[in-house]
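The values are calculated or read from the model by the stated rules, or taken from the named source; none is laboratory data. These numbers were taken from a predicted model, which means no experiment stands behind them. Positions of Cβ are generated from backbone atoms using ideal geometry, with glycine treated the same way; all protein chains shown enter the neighbour counts. Side chains are part of the model used for accessible areas, which takes the heavy atoms of the whole protein and leaves out ligands, DNA and RNA. Shrake-Rupley method; radii C 1.70, N 1.55, O 1.52, S 1.80 Å.
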Amino acid sequence: MIIIGGGLAGLATGCYAQMNGYRTRILEMHELPGGCCTSWDQGRFTFDWCVSWLLGSGPGNDMYQIWLELGALQGKQMRNFETFNNVRGRDGRTVYFYSDPDRLEAHLLEHSPADAKLIREFCSGVRTFKKLLNAYPFLKPPGLMGRVERWRMLAVFLPHWNTVRKALTTLMTDYSARFKDPLLREAFNFILYERHPAFPLLPFYFQLGAHAGLTAGVPEGGSLELARSIERRYQRLGGEISYNAKVEEVLVDDDQAVGVRLSDKREYHADIVVAACDGHTAVTRMLKGRYLNETYRRLYEETIDEPGQTYPGYVSAFFALNRPFPDEDPCTTHLLTGEEAAGLVGMGPHPSVNVQFRSQHYPEHSPVQTSVIFVTYFSDTAAWRKLADGPEQASRVRQGTELHTLRVRRGRAYYMAKRQIRESLIQLLDRRFPGFADSIVTYDISTPLTQIRYTANYDGSIAGWLPFVDAGETMEQEMERNGPVLPGLSNFYLSGVWTTIGGLIRAVASGRHVVQFICRDDGRPFTATIDETAPPPTQIVVSAPDRTTGARPTLPHPPRSLT
């Protein structure tokens, strides 16, 4: 089996394939595993780009079992925080979205007694989903479930059907508009860091319920170490991985996938090919647009370019500081005025930035008595394309090896825009956190074009199709009807976020699911085992700061590298 892409979906696909007796090789164009689940070093600091919460980090649910099967969490500390996110209004007031629904309810009632009915209703929904989370199925794809399995799953949800139905059919934008307090009316839309106008209540309940159940923490070591852990599990299972290997074409003979051709003209032949990479690249370029039924043709030739159908890209800014900010919250979304947002290129119609004190999530990523701040906002990729010159990605040979993610020259206007963002954010953050500007040691700014260079994701999307809109629902229906295949093409399968609706747990679950389909097609039973080479993870809770004194307990400062 050849697996295209060494992100989490590709690594998971490889692990489960090896568990089931397949001999596999992963081909990854970058020199690192993980795809978007990554970090990089900048001097004495590590800038972690991905995991702000990890669904399934705690026991009692299918998600946790998948992570243990992949060896992703073993031997690590899972850090659970008492607030999921805070939202700071333009007037300086802040809403704290506590993980504990009882504490959240008390805080919101204190903030706006006039909204008591709506507040109690929302927190009741969080409590319900905290219970339901352990019954939410991730181990088996719906397309392989029998009638009895579907009825058993439905039976768990039936007693809570009114809450589930409302969560699926009520948009958060409509729900939040009912609040009398103007800050709550706006803040509820930003619980999940950015504003998601197409999201119903369900993902808000799901994420807060997971946080309340201590199964949405962050893993010691961060994003790249998470990917490295799965890579090590894959290699222990006997899998092989080749880096700096960019697939240009899927080889087809008599409507059967028989291998791949790389950009350097090398060919690898296999009985099965799995594309765990960017979906658009796989079906339109590697297969030259063949084997598209009407659903896939519409998705990848029309829907993908419609506004609001895919996750957007990010502008990300890291600032390393030579001092700590121990009294600040780990994660806060700041609502911005038009003047504050003016210098932030590609900013959407609802100006905000999410600011994370990343050194509170991952103290091992910075020296003692220092800080790392991570600032993000959704950004329109088209705005950056207008500013950039030259190719979005270019391959070059260095010391006999073809490399595919090296820097490319983008022109003066592009770099001036990044400088403008840096200066605007420094001004903003220095007002929020006095002393910030004078504490900066180093920084880094990335754009959606950076994401394209490293991952080849279409338009720099961070997670493929958006859920709860036409694209995401259409893809889910296609997967349930026909499975992760293309019509008319044998021995070829699809994995990754473009076959589901985004997120790391969905990516790795898609790897499990595709191997289940492959085993079915080959007439063999599927099996999966938990990695027992290291002890189970430990769980800690990190307290929120005292709102009166500002003091907060801090994590012990681990060594810079994990053993």
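Some observations on this one:
- Test: residue in the range 261-273 that is polar (S, T, N, Q), within 30 Å of Thr376 (Cα to Cα), touching a residue at least 40 places away in the same chain (Cβ under 8 Å) and open to solvent by less than 50 Å² (accessible area, probe 1.4 Å): no
- Filter result for Asp444 (farther than 24 Å from Val515 by Cα, open to solvent by 10 Å² or more (accessible area, probe 1.4 Å) and not assigned by the TED database to the domain that holds Thr499): yes
- Remark: Arg23 matches the filter, which requires a residue to be open to solvent by 30 Å² or more (accessible area, probe 1.4 Å), more than 20 Å from the chain's Cα centre (by Cα), more than 30 Å from Pro351 (Cβ to Cβ) and basic (Lys, Arg).
- Of all residues making up the range 447-462, the number that are open to solvent by 10 Å² or more (accessible area, probe 1.4 Å) and either among the polar types (S, T, N, Q) or touching a Gly at 6+ places or on another chain (Cβ under 7 Å) (or both): 7
- Verdict on Ala544 being small (Gly, Ala, Ser), at negative phi and at pLDDT 90 or above: no
- Flag if Arg453 is among the basic types (Lys, Arg) and either at pLDDT below 90 or under 30 Å from Arg409 (Cβ atoms) (or both): yes
- Condition met for His365 (buried (at least 20 other Cβ atoms within 10 Å of the Cβ) and more than 17 Å from Phe433 (Cβ to Cβ)): yes
- Scanning the range 480-516 for residues that are in contact with a Pro (Cβ under 6 Å, 6 or more places away or on another chain), open to solvent by 10 Å² or more (accessible area, probe 1.4 Å) and in a helix (DSSP H, G or I) yields Glu480, Thr499, His513.
- Total residues in the range 296-345 satisfying the condition of being of a type in the set (A, V, I, L, M) and more than 28 Å from Glu423 (Cβ to Cβ): the figure is 2.
Conditions tested, residue by residue: (1) assigned by the TED database to the domain that holds Arg481; (2) touching a residue at least 40 places away in the same chain (Cβ under 8 Å); (3) polar (S, T, N, Q); (4) surrounded by 14 or more Cβ atoms within 10 Å (Cβ to Cβ).
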residue	(1), (2), (3), (4)
Asp115	no, yes, no, yes
Cys123	no, no, no, yes
Val126	no, yes, no, yes
Lys130	no, yes, no, yes
Gly146	no, no, no, no
Met153	no, no, no, yes
Leu158	no, no, no, no
Val164	no, no, no, yes
Ala167	no, yes, no, yes
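- Annotation for the range 292-301: no member residue is open to solvent by 10 Å² or more (accessible area, probe 1.4 Å) and under 18 Å from Asn354 (Cβ atoms).
- Residues satisfying the stated conditions in the range 92-135, i.e. in a helix (DSSP H, G or I), within 24 Å of Pro159 (Cβ to Cβ) and charged (D, E, K, R): Asp102, Glu105, Lys117, Arg120, Glu121, Arg127, Lys130, Lys131
Every residue, every condition in (1) over 25 Å from Thr38 (Cβ atoms); (2) in contact with a helix residue (DSSP H, G or I) (Cβ under 8 Å, 6 or more places away or on another chain), yes or no:
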| position | (1), (2) |
| --- | --- |
| His280 | no, yes |
| Met286 | no, no |
| Gly289 | yes, yes |
| Arg297 | yes, no |
| Pro307 | yes, no |
| Leu336 | yes, yes |
| Ser352 | no, yes |
| Ser359 | no, yes |
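- Number of the condition not met by Gly343 [criteria: (1) open to solvent by 30 Å² or more (accessible area, probe 1.4 Å); (2) assigned to a loop (DSSP other than H, G, I, E, B); (3) touching a residue at least 60 places away in the same chain (Cβ under 8 Å); (4) farther than 16 Å from Gly313 by Cβ]: (1)
- Screening the range 30-51 for residues that are open to solvent by less than 20 Å² (accessible area, probe 1.4 Å) and either in a loop (DSSP other than H, G, I, E, B) or among the hydrophobic types (A, V, I, L, M, F, W, C) (or both) and picking the one that is nearest to Val515 (Cα to Cα) gives Pro33.
- Ser124 satisfies every condition listed in (1) under 26 Å from the mean Cα position of the chain (by Cα); (2) more than 23 Å from Asp329 (Cβ to Cβ); (3) among the hydroxyl-bearing types (Ser, Thr, Tyr) except (1).
- Check on Gln477, surrounded by fewer than 23 Cβ atoms within 10 Å (Cβ to Cβ), assigned by the TED database to the domain that holds Val515 and in a helix (DSSP H, G or I): yes
- Test result for Leu11, of a type outside the set (Val, Ile, Thr), touching a Leu at 6+ places or on another chain (Cβ under 9 Å), closer than 26 Å to Leu139 by Cβ and in a helix (DSSP H, G or I): yes
- From the options Leu54, Leu73, Leu108, residue that is surrounded by 18 or more Cβ atoms within 10 Å (Cβ to Cβ), more than 20 Å from the chain's Cα centre (by Cα), at negative phi and hydrophobic (A, V, I, L, M, F, W, C): Leu108
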